[in-house]
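J.: Below is the structure I would like to discuss, written out as structure tokens.
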Amino acid sequence: MANNQFPIPDFLQVAKDLRKLASRYAASESIKFFQDSFVKEGFTDTSFTKWDKSGSPLAGKRAMYKTGKLMQSFRKRQVTMDRIVIEADSEYADIHNSGGTITVTPQMQKFWWAQYYKFAGQVTFNVSKKKMANTKKNRSNNTKAEFCKKMALMKVGSKITIPQRQFMGHSQ
């Protein structure tokens, strides 16, 4: 009869390794959960809270998803067996998540004037009638240009209210 010797696994070590892996998986799932807020355009805690629509004509189809930088800024800051901490390291994450006010600066005015000239320059004119051509693109660009002009004409030091659009927080 052959003597087959199989090593007996260290079940305590296997359990410890599984707990470590479970916290890593939980951290990854937490990031996916917070990123899902951008897809659903709202935050889910005990119930779903939808974000308010933006009043800006520059806003895209989905709220807070122009470049995707904010959604991709989630990082695992601390992952232990007892605690998982996820952070959004984008510079503007906190103001969007909590809401608040920002102060108009000269740099902001410069930015909005540049945007105004960009959109105003895209408007096409009808040469024979010597006025703006009445096209859908022109109307859209004109609306965007007027919004940018309004923002550029705000006085330095005035306040702009950023509405709260919570995308992460303590969830039940």
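J.: Go through (1) of a type outside the set (D, E, K, R); (2) in contact with an Asp or Glu (Cβ under 6 Å, 6 or more places away or on another chain); (3) modelled with pLDDT of 90 or more for residue 51 and report which single condition fails.
T.: In the conditions (1) of a type outside the set (D, E, K, R); (2) in contact with an Asp or Glu (Cβ under 6 Å, 6 or more places away or on another chain); (3) modelled with pLDDT of 90 or more, residue 51 misses (3) alone.
J.: I've got another one for you. Enumerate the pairs (first residue in the stretch 34-48 and assigned by TED's automatic domain parsing to the domain that holds residue 62; second residue anywhere and modelled with pLDDT under 85 and of a type in the set (Lys, Arg)) with beta-carbon separation below 8 Å, excluding pairs fewer than 6 apart on the same chain, so at least 6 apart or on different chains.
T.: The qualifying pairs are 38/62; 41/62.
J.: Also, quick follow-up: Return the residue satisfying two criteria in turn: it lies in the stretch 82-140 and is modelled with pLDDT under 90 and of a type in the set (Lys, Arg), and of such residues it is nearest to residue 24 (Cα to Cα).
T.: 83
J.: Within the stretch 62-99, how many residues turn out to be in contact with a Ser or Thr (Cβ under 9 Å, 6 or more places away or on another chain), among the polar types (S, T, N, Q) and outside any loop (DSSP other than H, G, I, E, B)?
T.: 2
J.: Assess whether residue 31 counts as being hydrophobic (A, V, I, L, M, F, W, C), more than 14 Å from residue 165 (Cα to Cα) and in contact with a strand residue (DSSP E or B) (Cβ under 6 Å, 6 or more places away or on another chain).
T.: Numbers: hydrophobic (A, V, I, L, M, F, W, C): yes; more than 14 Å from residue 165 (Cα to Cα): yes; in contact with a strand residue (DSSP E or B) (Cβ under 6 Å, 6 or more places away or on another chain): yes.
Answer is yes for this residue.
J.: I'd like the full set of residues that are out of contact with any helix residue (DSSP H, G or I) (no Cβ under 7 Å at 6 or more places or on another chain) and within 15 Å of residue 145 (Cβ to Cβ), limited to the stretch 94-123.
T.: Listed by number, the residues that qualify are 111, 114, 117, 118, 121.
J.: Considering the stretch 30-61 alone, what residues qualify as being assigned to a loop (DSSP other than H, G, I, E, B) and surrounded by 13 or more Cβ atoms within 10 Å (Cβ to Cβ)?
T.: In the first step, residues of the stretch 30-61 are kept if they are assigned to a loop (DSSP other than H, G, I, E, B); the result is 41, 45-47, 51-61.
41, 51, 54, 57, 58, 59 - these are the residues of the stretch 30-61 that are assigned to a loop (DSSP other than H, G, I, E, B) and surrounded by 13 or more Cβ atoms within 10 Å (Cβ to Cβ).
The values are calculated or read from the model by the stated rules, or taken from the named source; none is laboratory data. Since the structure is predicted, the reported quantities are computational estimates derived from the model, not experimental observations. Cβ coordinates were reconstructed from backbone atoms using ideal geometry, including for glycine residues, and neighbour counts include every protein chain displayed.
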